[in-house]
Amino acid sequence: MNKFQALENFSESLDSGYSLLPFNFTRLDGDDYVLTNMVGEYLILARDDLQDFVKHRLAPSTEAYVCLKAKHFLLDLDSNAAIDLLALKARTKFERLANLTGLHVFVASLRCEHACPYCQVSRQSDDASRFDMSPATADKALALTFSSPSPTIKIEFQGGEPLLNFPLVQYVVERAKMLNALHGRDLQFVIATNLALVTDEILAFCKTHEILISTSLDGPADLHNKNRPRPGNDSHQRAVDGINMARSRLGRNRVSALMTTTKASLGRVREIIDEYVRLEFPGIFLRPLSPYGFAVKTKYYSAYNADEWLAFYFEGLEYIIQLNQNGIAFREFYASLILSKMLTPFGTGFVDLRSPAGIGIGAIVYNYDGDVYASDESRMLAEMGDKTFRLGNVHNNTWEEIITADVLLDALESSYTGSAPMCSECAFEPFCGADPVFHYRTQGDTVGNKPNSAFCKRNMAIFRYLVSRMREDAAVHSLFRGWIRI
Ligand code: SF4
């Protein structure tokens, strides 16, 4: 018995008018459906138009036909260049893959003088200097960094608190610049720091070497200090003083901030945004907690669910829209990243919104002890005793061995949204990403069961919201266009 029908049963003739190009669809609301194709073009169609379209009954004179043709959902006898254009857009969307790893994270020290109960990296007390990276380990990590073919290299120092091992930061920056005289890459440095220990000398070094600062700011003083305890209970004041000092020495746009949502943040999203506006940041990244480190031990991660976080997020987004309508230019950065995928042919460098996943091939982590991990989350998992995503050690392995480690290749292949169960048929797949480490951590396998995945639930709700808001309100559509970042 033949398992498959003959080839002609799958081919469509253009004589009948048009043929369908590959697409996914889902009901948005009411009678409206959202259609997407592999390059991320999307379209909203009424149910009747969708039915006419798939049954080849759509007349070329209709608006739906024109839009479907323009966005590469159908091919007719006039569409000479359609397949070539589609291929070009597909290449553009995936062009980052050819560059391989651009972000190299150096864990300068696991020590920290803060004691945040939601800490995802399981920091160590600040006198435990055995948790510092040594120059010998940094040398090996730098050799691996420059083995990546990426034309842009960003070295990000993380911790713990990397300023507790600032001599190592200085060593890496100076050595990387020396090596780059040979390699000629577009080289950038970032220090992720709570700024509590920043000094004029540190900032003078950052100025000389054009180092960017990324800090943490969870909202108004009482909330920030509750989330981020340290001796003296003055984390917020130190962060604000540090931001002002860094801005005055390095320039306003050289300093950015990140927030983390805890149970105590829920219900306070407007105050949190107001604090960012007060401190003249151009936007905010409303981030949920991740299931790693002390965030799990202290039960901070399980203190709220995806629905509670989404309510917080959407209230924040609506408030930001209002601020813009009142003349205050401000954006939400996660929405910006997604909108860039929705409204342009370009992919994103943001690890959580990439497919194949960004672990290893987008960003890689050199831990203080020389172990190499596929992502920041992978090393957080390792600090919890699970070294599944350890790719090797800088002292023992070559770049080729690390980047072709079975655990990395298997995770990339199995989690690819173009073929993963549910994702491959999801209308929002072109906007989404794969997070194999999150799904391994929460569900025990790198693919994940998407109906039970908080990652999927959060993303799908945000995709629906953004598409619906742009359909309903031309002013919001235009505002969101202004948030695009390429
Ligand atoms: S994770 Fe969810 S939203 Fe993302 S592509 Fe898969 S099914 Fe769609």
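List of remarks:
- Members of segment 423-441 that are within 13 Å of the ligand (Cβ to nearest atom), more than 23 Å from residue 336 (Cα to Cα) and open to solvent by 20 Å² or more (accessible area, probe 1.4 Å): 424, 425
- For segment 350-360, the condition holds for no residue, the condition being that it is closer than 29 Å to residue 275 by Cβ, of a type in the set (Asp, Glu) and modelled with pLDDT of 95 or more.
- Residue in segment 201-210 that is touching a residue at least 60 places away in the same chain (Cβ under 8 Å) and either under 27 Å from residue 117 (Cα atoms) or in a helix (DSSP H, G or I) (or both) present: no
- Failed criterion for residue 249 (all others in (1) in contact (Cβ under 8 Å) with a residue 40 or more places away in the chain; (2) assigned to a loop (DSSP other than H, G, I, E, B); (3) surrounded by fewer than 23 Cβ atoms within 10 Å (Cβ to Cβ) hold): (2)
- From the options 219, 232, 267, residue that is open to solvent by 40 Å² or more (accessible area, probe 1.4 Å), assigned to a loop (DSSP other than H, G, I, E, B) and modelled with pLDDT of 90 or more: 267
- Pair list, Cβ < 6 Å and 6+ apart or interchain, from segment 423-434 residues that are aliphatic (A, V, I, L, M) to residues that are within 7 Å of the ligand (Cβ to nearest atom): 434/417
- Qualifying residue in segment 471-481 (condition: within 16 Å of the ligand (Cβ to nearest atom), in contact (Cβ under 8 Å) with a residue 60 or more places away in the chain and either of a type in the set (Phe, Trp, Tyr) or part of a helix (DSSP H, G or I) (or both)): no
- Top-ranked residue of segment 379-396 - restricted to ones that are outside any strand (DSSP E or B) and in contact with a strand residue (DSSP E or B) (Cβ under 7 Å, 6 or more places away or on another chain), ranked as nearest to the ligand (Cβ to nearest atom): 389
- The set of residues in segment 408-422 that are open to solvent by less than 30 Å² (accessible area, probe 1.4 Å) and in contact (Cβ under 8 Å) with a residue 40 or more places away in the chain comprises 408, 411, 412, 415, 417.
- Scanning segment 90-107 for residues being touching a residue at least 60 places away in the same chain (Cβ under 8 Å), surrounded by fewer than 19 Cβ atoms within 10 Å (Cβ to Cβ) and not in a loop (DSSP other than H, G, I, E, B) gives a total of 3.
- Scope segment 319-355; condition closer than 18 Å to residue 403 by Cβ, open to solvent by 30 Å² or more (accessible area, probe 1.4 Å) and part of a loop (DSSP other than H, G, I, E, B); matching residues: 349
- Applying a threshold of 6 Å to beta carbon distances and a minimum spacing of six or more residues, or different chains, the list of pairs starting in segment 343-356 at a residue that is farther than 15 Å from residue 94 by Cβ and ending at one that is open to solvent by 30 Å² or more (accessible area, probe 1.4 Å) reads 343/484.
The values are calculated or read from the model by the stated rules, or taken from the named source; none is laboratory data. All values reported here derive from a predicted model rather than from experimental measurement. In this analysis, Cβ positions are derived from the backbone assuming ideal geometry, glycine residues included, and neighbour counts consider all displayed protein chains. For accessibility, only protein heavy atoms count, side chains too; no ligands or nucleic acids. Shrake-Rupley method; radii C 1.70, N 1.55, O 1.52, S 1.80 Å.
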